[in-house]
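The values are calculated or read from the model by the stated rules, or taken from the named source; none is laboratory data. Everything numeric here is computed off the predicted structure, so don't read it as measured data. Cβ placement follows ideal geometry from the backbone for every residue including glycine, while neighbour counts extend to all protein chains displayed.
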């Protein structure tokens, strides 16, 4: 990215300090004058909460490899360990998903290099810095990746780079930079206001005509005595001077409402229910539970689908993808409470949809020797006994 930007600056003869060069480096000032980058955006609590919520949830969900026929779990394939256990000796599979999802949320793309053994089997996944990867596509749309490593630039096929991207290839930080910039401006404004004791400025009035230098000296001495961190003291005025306080504007009085609206706006950018960002002014017990389900359906499902395909594309061959597929287990997100879960399992058992061992697996319990039948445990039916033959009485 840096080499591309440098060539553009050289070709166009644009100075690095020129504001027109900022978009090349991903630095775009907002209308509030705040420059929103991945680092500055994370200083907004709502942004940090949304990024951590999505990335850590995607990372914590277990990933399994299933057969298409019979849905049996495959654990002896090299891909299973990379998805379920550890990506490499120093990074767990969960940690890698958190890192790459965070990269995609903050920078638009997350990348990992697939390391293979002599037989071509995947053995490790290594995270790549998104700024060191360049995506190129040919006429058919097939992507390849130019990666800047310590020993130079290397080109990799799409099967050797685990690639997770945000919607449209642009991070929510970029798409929602105006909303995030406004939140940063609100934070700075309220910080300055409270640094002054929560009091706005004022006007010094005098009947005498003062020169420019006298006005400057008066303003400097007043600020030194009653400026930031010194408000609330006693002011001594002479020579007919008076101080008139500037009252707060309507925008100042509605500042709390404006800040709440920015949290909702950032929630829209990340497609996260506001209650998940702890904005509970409109939250109730019923709609909070419903928003938790919406978080799975609206927010997580696209990310999980992207991850499942990224894993399958790099860790399975085309022939293996005909028989196997990758899926995230989301049962923990749909579990409400113990009583509701027990009731659901009971209904599945009574209708013959689950065996006792399948229920025990859902509860993280070991299988039972007699738990592989689909019989309804709530009903018993004894086989009728065979009729006994009776000999007719004789006349003897």
Margin query: Suppose we keep only residues that are within 25 Å of the chain's Cα centre (by Cα) and in a strand (DSSP E or B) within the stretch 148-174. Which one would you say is surrounded by the most Cβ atoms within 10 Å (Cβ to Cβ)?
Written below: 162
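Out of 65, 113, I need the residue that is crowded, with 17+ Cβ neighbours inside 10 Å, at pLDDT 95 or above and assigned to a strand (DSSP E or B). Which one?
Numbers: 65 fails: at pLDDT 95 or above.
Residue meeting the stated conditions: 113.
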Next item on the list: Report yes if residue 51 is in contact with a helix residue (DSSP H, G or I) (Cβ under 6 Å, 6 or more places away or on another chain), more than 22 Å from residue 272 (Cβ to Cβ) and either at pLDDT 95 or above or not in a loop (DSSP other than H, G, I, E, B) (or both), otherwise no.
Entry: no
Notebook entry, point to check: Can you tell me how many residues in the stretch 116-132 are outside any helix (DSSP H, G or I), closer than 28 Å to residue 175 by Cα and in contact with a helix residue (DSSP H, G or I) (Cβ under 6 Å, 6 or more places away or on another chain)?
Noted result: 1
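A quick yes/no check of all residues on (1) farther than 18 Å from residue 313 by Cα; (2) surrounded by fewer than 17 Cβ atoms within 10 Å (Cβ to Cβ); (3) without any contact (Cβ under 8 Å) to a residue 24 or more places away in the chain:
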{"residue": "119", "(1), (2), (3)": "no, yes, yes"}
{"residue": "125", "(1), (2), (3)": "no, no, no"}
{"residue": "128", "(1), (2), (3)": "no, no, no"}
{"residue": "133", "(1), (2), (3)": "yes, no, no"}
{"residue": "137", "(1), (2), (3)": "no, yes, yes"}
{"residue": "142", "(1), (2), (3)": "no, yes, yes"}
Next item on the list: Please determine, by comparing only the residues of the stretch 85-94 that are out of contact with any strand residue (DSSP E or B) (no Cβ under 6 Å at 6 or more places or on another chain) and under 16 Å from residue 328 (Cβ atoms), which one is surrounded by the most Cβ atoms within 10 Å (Cβ to Cβ).
Entry: 94
Item checked: First in the stretch 144-155 and on the phi < 0 side of the Ramachandran plot and free of Cβ contacts under 8 Å to residues at least 60 places away in the same chain, second anywhere and assigned to a strand (DSSP E or B) and exposed (fewer than 10 other Cβ atoms within 10 Å of the Cβ), Cβ under 7 Å, 6 or more apart -> none
Margin query: Yes or no: the stretch 70-82 includes at least one residue that is within 16 Å of residue 308 (Cα to Cα), under 24 Å from the mean Cα position of the chain (by Cα), part of a loop (DSSP other than H, G, I, E, B) and at pLDDT below 95.
Written below: no
